[in-house]
Amino acid sequence: MRKFLVILDDSRECLNAMRFAAMRAAKTGGGVEILSVIEPEEFNHWIGVGDIMREEARERIEVHYEVFAKWMRDRQGIDPELVIREGEAVTEILAQIHDDPEIGVLVLGAGTDKKGPGPLVTQLSRSAGTLPVPITIVPGDLSKERLESIT
């Protein structure tokens, strides 16, 4: 089964990327894999503190994931899969794509502020020509109705 890989982070545009991935998966018979990356901590010399912070990050991710997963199950009939990786975001996204051959599309949400589309979109679009899967970039300010009409 072809999966849409979507990134779960604290950005506002993440919501539209989640919606798009779930709607496309529902309409094409695919699945959704939600990836969240825990960035390396700056407190590596405090092993105990780093472990606690890492566990708290995992708990936050799981709570955030459950909100999206419930919506996907209830509204789209999609049961997403959660993957949590640790490391630098772009490196871990690329590693996940290479590790899971069922991933067929990477879905990213683009920011709407004047700073640009966001660091993931900027970094990954630079290497889009060498990625093993296409990237779909979803504008962060698309309405639910517009998303429904284009999926």
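The values are calculated or read from the model by the stated rules, or taken from the named source; none is laboratory data. Predicted model only: the values in this text are computed from it and were never measured. Here the Cβ is made from the backbone with ideal geometry for all residues, glycine too, and neighbour counts use every protein chain on show.
Take residue 7 and tell me if it is crowded, with 17+ Cβ neighbours inside 10 Å and without any contact (Cβ under 8 Å) to a residue 60 or more places away in the chain.
Working: crowded, with 17+ Cβ neighbours inside 10 Å: yes; without any contact (Cβ under 8 Å) to a residue 60 or more places away in the chain: no.
So residue 7 does not fit the description; no.
Please enumerate the residues belonging to region 121-151 that are in a loop (DSSP other than H, G, I, E, B) and either under 15 Å from the mean Cα position of the chain (by Cα) or not aliphatic (A, V, I, L, M) (or both).
Taking region 121-151 as the starting set, the residues that turn out to be in a loop (DSSP other than H, G, I, E, B) are 127, 131-134, 140-143, 151.
Within region 121-151, 127, 132, 133, 134, 140, 141, 143, 151 qualify.
Mind checking which residues of region 5-20 are outside any loop (DSSP other than H, G, I, E, B), modelled with pLDDT of 95 or more and closer than 14 Å to residue 93 by Cβ?
Hits for region 5-20 are 5, 6, 7, 17.
Based on this model, can you work out whether residue 69 counts as modelled with pLDDT of 95 or more and either within 10 Å of the chain's Cα centre (by Cα) or crowded, with 16+ Cβ neighbours inside 10 Å (or both)?
Details: modelled with pLDDT of 95 or more: yes; either within 10 Å of the chain's Cα centre (by Cα) or crowded, with 16+ Cβ neighbours inside 10 Å (or both): yes.
So residue 69 fits the description; yes.
How many residues, within region 136-151, are over 18 Å from residue 11 (Cα atoms) and surrounded by fewer than 16 Cβ atoms within 10 Å (Cβ to Cβ)?
Total satisfying the criteria: 5.
Tell me the residue from 109, 118, 104, 31 that is under 11 Å from the mean Cα position of the chain (by Cα) and surrounded by 16 or more Cβ atoms within 10 Å (Cβ to Cβ), please.
That would be 109, the only listed residue that is under 11 Å from the mean Cα position of the chain (by Cα) and surrounded by 16 or more Cβ atoms within 10 Å (Cβ to Cβ).
Restricting attention to region 50-100, report how many residues are touching a residue at least 24 places away in the same chain (Cβ under 8 Å), in a helix (DSSP H, G or I) and not aromatic (Phe, Trp, Tyr).
Matching residues across region 50-100 total 16.
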